[in-house]
Every structure is written in C-alpha cells, then in structure tokens.
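Since the structure comes first, as structure tokens, the remarks are kept for the end.
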Amino acid sequence: MNHIHLRGSALFSGLLLISVCTHGQALEPRLYSNAPVGLNFLLGGYVFSTGSAITDPSVQVEDGQLDVHSPFAAYARSFGLWGKSAKFDVVVPYSFLSGTATVNGAPASRNVEGFADPSFRVSMNFVGAPALSLAEFMEYRQNFVLGGSLQVLAPFGQYDSSKIVNIGTHRWTVKPELGLSKTFGPVILELAGAVAFYTDNDDFQGQTRTQKPIYSVQGHLVYAFKNKIWFSLDSTYYVGGRTATNGIEKPDAQSNSRLGATLALPVNKNHSAKLYFSSGVSTRTGSDFDTYGLAWQYRWGGGL
C-alpha cells in the first residue's frame, strides 16, 4: 500500500486555499495528479491570513490591516468518467475577520464572523491519467498529464451590504482551468491557466457592482521524497478584474504575483497532513497579504 501514501495524498492538495483565497490567488500543487477511483477524502484544517486586502482584493481600502482566521471542512471523491480519472470536491470555510482601515478618508474597524462562500469543483484528466482501481493503480507511474477543472463559488457566505469589507462576496464565481504536469524522476513540473468570471453584486451599498474576468497562471516545482513526503515551490500571476459601480469603471485592474511553498506529510494509509504558506511579492491591487495554513486528511473506500 505504500504507493497510496504519496499519490492518494495528492488529491487534497488543491482543495484548501479556497477557504480564504476566493479571487484567483490560490496556489494548488498536484491538483491534476491521478488517484484510484472510489476513494473518499475528509479534511479539516485552519488558515490564517493577514494583510491589507484579503476577502476581495478589488474592494480597495487604505492602510488596511485585516486578520482572517478560517477553520474549514472539505470532502472529495475520486471517480471514473469516460475511462478517465476525475474528482469532485466541496469546501466549506468559516471565518473570523477583524481589523482596521481608512475608508473614504475616515478610520474604520470591522469585527465579524460567519461562513465564507463555499466552493464546488469537478476536475478531470484527459491525457495520461486513466481511471484505475486500487490494484491497477499500484502499477501506475505518472508521466505526462493534461487535465481540466470547473470550480463554482456560491454566494452563501456572510454579507452585509452596508459594509465595504465582508466575508462573503454576494455573487457567483465560475472558474474553468486547464492544467498539465510532467514527471522527471522525483520531480514534477506543473503549469495551469484559468479565468474567473463573476456575476454582478446587485447590493453593494445600495448599488450594482460588476467585475471583469481575472486571468491567472500558476506553476509548481514538486519534489517527491522516497519516504512519500513531497514538497513544492508554488507561484502564480494574475491580471484583470477591473470593477465598475453603477456602470462607472474604477482604476483598480489587478496585476499581481504570489509565491508559496507546500509540504505534505503522510502518516499512514488513511491519514495525511499538509502545511503551506504564500505571500504577495508584486502587488498592483489587493495581493498584499500573507497566508499560513495546515490541514489533516482522512481517506477511505476504493479498496483501501
């Protein structure tokens, strides 16, 4: 069962940053790695973010210092679709937000808690990752994988239309993505491109707020150790997302980059842990914050 420790734990790698990064900055290594069909994954964890703009970077505030503590729960399942490996995941975060900022020239503070917008995603590998039973997967060696995903964030989170800063966004987000990975011995190189589309927020302080799509690309350098631990260096760059209020556009288009790192630690065939960190390194609008996270995963089913 040793192979499962590494490859099975890869499935949960792309589930967790969503709890606080709902706007294109999530760094998600090994999202398109293969896994045996029929596996279930239950996750719990905690994410802490601190900086000037966290929940929605296009909502600009001056001199902001916001802290968000976000415990979360997630569930994922691997399955076969037209002979290819596929996955479904749902993430439900709960957040505690507090901090201060300058809004319209006056100091303001915010202290609120509630559910953040949950996310739902289906991903599928088109090339290089067939749907395999656990017995078949034991002989599988990953080489080149091409896959895609569709993620939806639902506007179910806490939202107060009279406030600038909220936990929820009061709009739907739809994010298609295409990703690929190539294995070179213990090293895996990954690249993914995505675009996030947003519906209108029709209750933004009594006005209608729109946002143009955000285009993003992320890359990962993953090293898999012989003891089934793996480590990755992560990066992303994203542009776009200019907003308008009642049809009047604002000069708030984004052009930002972030760097991060991820460490996955298998415990046994059923349990895994993960630690990760990311930080904004080049900021035009809304990426000036740091994120720290940890997660614990339990998996079962699929003959495990």
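Values in this text are rule-based calculations from the coordinates and carry no lab data. The shown structure was predicted, so the numbers you read here are calculated from the model rather than taken from an experiment. Note: ideal-geometry Cβ built from the backbone for every residue, glycine included; neighbour counts use all protein chains shown.
Details
- From helices alone, the chain scores -1000 deg cm²/dmol at 222 nm; the rule is -39500 (n - 2.57) for each run of n ≥ 4 DSSP H residues, then divide by the residue total.
- The longest part of the chain holding none of the exposed loop trypsin sites (Lys or Arg not before Pro), meaning those outside H, G, I, E and B in DSSP with at most 12 other Cβ atoms within 10 Å, is 1-140.
- Within the chain, percent of DSSP bridges classed antiparallel, to nearest 5: 100
- Ordering ASP252, ASP234 from the fewest to the most neighbouring beta carbons within 10 Å gives ASP252, ASP234.
- The distance from the alpha carbon centre of segment 228-277 to that of segment 89-161 is 10 Å, rounded to a whole number.
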